[in-house]
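First comes the structure, then the notes that go with it.
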Amino acid sequence: YAITHNNPRWTKTHLTYSILNYTPYLSKAVVEDAIARAFRVWSDVTPLTFQRVFEEEGDIVLSFHRGDHGDLYTFDGSKYHFAHAFLPGLGLGGNVHYDLDQKWTDNNEDFNLFYVTAHELGHSLGLSHSNDEEALMFPSYTWSNKDFVLNQDDINRIQALYGPSPNPIQLTDATLDPCNSGLTFDAIITYRGEVIFFKDRFYIRVISFLPEPLIDVIDLTWPNLPGKFDAAYEVSGVDELRFFKGSKVWAVQEQNVLEGFPMDIQSFFGFPSNVTNIDAAVCEEETGKTYFFVDHMYWRYDENTRSMDPGYPRLIAEDFPGIDYKVDDVIQKEDNFYFFHQSIQYRFNLKTRRIDDSSDINTWFNC
Amino acid sequence: FPVIQDGLQKNVKTVWKYLENYYNLGKNMQAKNVNGKEVMAEKLRQMQQLFGLKVTGNSDPETLRAMKKPRCGVPDVAP
């Protein structure tokens with residue numbers, strides 16, 4: 001994996017840090033929490049440990065500066081350059097500088113202090129910028145939500161320098177408990193007869209002959225997928241899975257993303273440009289028709305002719321009576337579509353065209 | 001700068017400054033016997049590759065848009 005010139009890295013695994021000063025836009029407690037969380041991003045996946053020190057200068061010093069502050073990287077208050085950090089080493093090495101004149105936040109507005117700190121600490125530990133747009137180490141500021149998950153590209157690169165964590169995050173109940181009431185999922189698919197539920201960076205497989213579901217990490221099975229999908233569905237006729245995130249679609253066979261993907265949903269399926277994400281999708285096995293659910297409307301796509309059926313979008317509630325809610329996920333099992341809304345599922349009989357059962361989502365997991 | 005397609009002075013400055021800050025353009029231009037246009041085009045290609053843009057060596061609108069996004073101040077190539 002590409003790392004920085006001469007591969008500078010810390011030769012010790014226990015590093016200290018100190019906070020020199022603060023931004024006026026956030027309370028001290030919020031700044032300290034954001035910085036501590038940013039360090040945890042890296043300590044969770046490496047043998048590195050970090051400890052804050054108060055009386056002396058830490059290995060990594062974090063500080064806010066205005067304008068020319070004595071290094072080659074002058075701040076000008078513009079949004080084009082709001083922070084930088086130095087590679088591992090003595091003196092300035094590892095230090096993180098923030099532009100004092102930026103409005104630092106702890107929410108989705110520019111610039112989120114936790115996200116920027118996590119990125120800059122990547123440099124402090126020896127990482128260069130990544131060309132993976134989903135990675136924390138991508139050079140442009142891409143923070144868009146609070147649900148932060150470290151990208152596999154970042155994990156691979158930092159572990160190339162320091163090795164994996166001796167205490168990797170365990171896939172225990174604390175991480176993802178299928179029997180937790182109120183559990184919701186990002187996407188649900190059928191795949192070769194199994195049902196697979198996706199949540200953040202994990203997935204749960206329900207296999208008919210096993211008493212308990214299996215939990216695994218998406219990245220380990222599909223390293224080239226972004227994770228935290230909006231929707232997914234199986235095209236059983238061609239043994240393909242399709243995953244959606246934003247306006248992109250990834251077509252997958254087994255563990256491999258097919259060549260040419262990701263593609264825009266507009267160019268691949270023919271969605272109008274104002275459709276920028278998919279809530280849920282399901283392909284009806286018998287007809288090869290795929291239903292895409294977006295807000296309260298749905299589109300129908302013909303997998304055989306690879307074109308949108310005319311006359312769509314239509315109202316979901318009109319053609320699927322009783323489905324009056326936003327659809328989070330849909331799968332087909334036998335003659336039924338299972339519509340998922342929050343933690344409840346509705347079984348919609350495709351022959352009688354009505355809902356004949358509803359239950360909690362975790363009935364799938366033999367809780 | 002023939003590598004600047006639309007020829008706007010403002011864009012020339014943006015591209016120059018960006019490549020100077022993050023791709024060592026200035027240092028590489030100091031070397032003797034270099035073809036300035038080619039160095040700049042090469043830097044643009046590096047930048048386009050990193051950002052997943054179409055690699056043209058020209059400062060097309062998509063490249064300019066990427067350059068105008070907020071970003072980390074650490075250079076993309078090792079100094």
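The values are calculated or read from the model by the stated rules, or taken from the named source; none is laboratory data. In this text the structure is predicted, and so the values were computed from the model without any measurement. Because the Cβ atoms are built from the backbone with ideal geometry, glycine has one as well, and the counts that use them run over all protein chains shown.
Some observations on this one:
- Verdict on A:SER63 being within 21 Å of B:LYS17 (Cα to Cα) and either more than 8 Å from chain B (Cβ to nearest Cβ) or free of Cβ contacts under 8 Å to residues at least 24 places away in the same chain (or both): no
- Within segment A:66-81, the set of residues being under 32 Å from the mean Cα position of the chain (by Cα), at negative phi and not charged (D, E, K, R) comprises A:TYR73, A:PHE75, A:SER78, A:TYR80, A:HIS81.
- Conditions (1) in contact with a strand residue (DSSP E or B) (Cβ under 8 Å, 6 or more places away or on another chain); (2) crowded, with 17+ Cβ neighbours inside 10 Å; number of the one not met by A:VAL45: (1)
Residue-wise test of (1) at pLDDT below 90; (2) away from chain A (no Cβ under 14 Å).
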{"position": "B:GLN5", "(1), (2)": "yes, yes"}
{"position": "B:LEU8", "(1), (2)": "yes, yes"}
{"position": "B:ASN28", "(1), (2)": "yes, yes"}
{"position": "B:LYS43", "(1), (2)": "no, yes"}
{"position": "B:GLN49", "(1), (2)": "no, no"}
{"position": "B:THR63", "(1), (2)": "no, no"}
{"position": "B:ASP76", "(1), (2)": "no, no"}
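- Filtered residues of segment A:259-298 (kept if over 18 Å from A:ALA187 (Cβ atoms), assigned to a loop (DSSP other than H, G, I, E, B) and of a type in the set (A, V, I, L, M, F, W, C)): none
- Residues considered: A:GLU254, A:GLU318. Of these, the only one that is farther than 23 Å from A:PHE197 by Cα and acidic (Asp, Glu) is A:GLU318.
- Summed over segment A:279-293, the residues that are at pLDDT below 95 and of a type outside the set (D, E, K, R) give a count of 2.
- Residue in segment A:322-334 that is surrounded by the most Cβ atoms within 10 Å (Cβ to Cβ), counting only those that are out of contact with any strand residue (DSSP E or B) (no Cβ under 6 Å at 6 or more places or on another chain) and assigned to a loop (DSSP other than H, G, I, E, B): A:LYS326
- In the set (1) more than 22 Å from A:ASN7 (Cα to Cα); (2) away from chain B (no Cβ under 12 Å), A:THR74 fails one condition alone, (2).
- Within segment A:98-112, residues that are away from chain B (no Cβ under 12 Å) sit with their Cβ atoms under 6 Å from residues that are outside any loop (DSSP other than H, G, I, E, B) and surrounded by 15 or more Cβ atoms within 10 Å (Cβ to Cβ), at 6+ positions apart or across chains, in these pairs: A:LEU100/A:PHE64; A:LEU100/A:HIS65; A:TRP104/A:LEU113; A:THR105/A:ASN112; A:ASP106/A:VAL30.
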